[in-house]
């Protein structure tokens with residue numbers, strides 16, 4: 001879903017040439033992060049099949065990255081992060097598939113750290129539905145809410161000041177608490193990742209992420225494919241501190257091969273897992 005897409009007035013595009021329509025579509029993505037094919041078809045007053053062909057063309061030019069239901073803008077720089085609501089509506093099925101794939105790394109009696117992000121909220125939903133005993137440490141109040149009062153979860157929230165417009169608890173006493181924590185696995189998220197590092201937009205948030213990396217034996221980065229090939233202002237960690245990156249099938253094969261050539265383990269979560277997870281949630 002885009003920042004403004006569902007509420008925008010349809011454009012008069014019936015007589016527009018393909019090149020003109022694609023140019024306007026490209027301009028639309030300079031102002032908006034993401035949208036579904038259905039929303040764009042309505043905005044540009046054309047068919048879904050036409051929009052899908054246009055998105056495929058823009059993706060081939062490296063201007064957008066296709067998602068299961070539409071496309072997201074490729075961000076070369078991530079100076080500003082999406083709002084919480086925008087992030088929660090972007091690449092939903094991709095994030096769900098990533099969450100399901102990440103949960104396959106869990107083992108009974110593990111202690112895990114869970115970062116803050118919309119992707120990790122999906123992960124918390126998956127963890128909440130498991131039955132294996134886990135100790136979970138998180139500074140995200142929504143993750144904590146999803147995992148509270150679960151018989152199989154021992155929940156620890158280090159604490160801090162809640163970041164405005166988000167769910168993260170930052171600063172003290174959480175940072176001091178994490179210095180004495182030794183967990184098996186940290187599930188990390190970031191606003192951007194390139195061939196050098198994972199990076200983010202807020203120094204207080206980066207400090208928390210670094211403390212969690214130091215507190216874990218293993219770190220897995222969960223990021224949807226729109227976060228690749230971009231860099232935010234603050235470095236979270238170099239790639240040699242990250243044991244695996246789990247993303248979606250939107251990551252291009254050439255890009256994936258380059259990471260693998262650097263000995264970075266990349267796993268692309270199959271979209272079928274997202275569909276199954278959604279079905280299980282409805283059935284539950």
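Here, each number is a calculation from the coordinates, and none is a lab measurement. Quick caveat, the model's predicted, so the values are computed rather than measured. Heads up, the Cβs are rebuilt from the backbone with ideal geometry, glycines too, and the neighbour counts pull from every protein chain shown.
Sketch the reach of a paramagnetic label on residue 179 as a point 7 Å from Cα along Cα-to-Cβ, and name the residues of the stretch 212-234 whose backbone nitrogen lies under 15 Å away.
212, 214-215
So, R0 is 22 Å and r is the distance between the beta-carbons of residue 38 and residue 17; what FRET efficiency does that work out to, to 0.05?
Details: r = 23 Å, r/R0 = 1.03.
With a Förster radius of 22 Å, E is 0.45.
Under a plain spin-label model, where a point goes 7 Å from the Cα along Cα-to-Cβ, how far apart in nm are residue 52 and residue 141?
Between residue 52 and residue 141, the simple spin-label model gives 4.2 nm.
For residue 45 paired with residue 265, estimate the spin-label separation in nm (one decimal), with each label point 7 Å from Cα along the Cα-to-Cβ line.
Once both label points are built, they end up 5.3 nm from each other.
Please report the equivalent ellipsoid semi-axes of the stretch 84-283, computed as sqrt(5 x eigenvalue) of the Cα gyration tensor, largest first, in whole Å.
Largest first, the stretch 84-283 gives 23, 21, 16 Å.
Give me the percent of DSSP beta bridges within the stretch 84-283 that run antiparallel, rounded to the nearest 5.
On the way: 9 of 34 bridges.
So the antiparallel bridges in the stretch 84-283 amount to around 25 percent.
How many angstrom lie between the Cα centre of the stretch 229-262 and the Cα centre of the stretch 133-199?
What the calculation gives is 22 Å, centre to centre.
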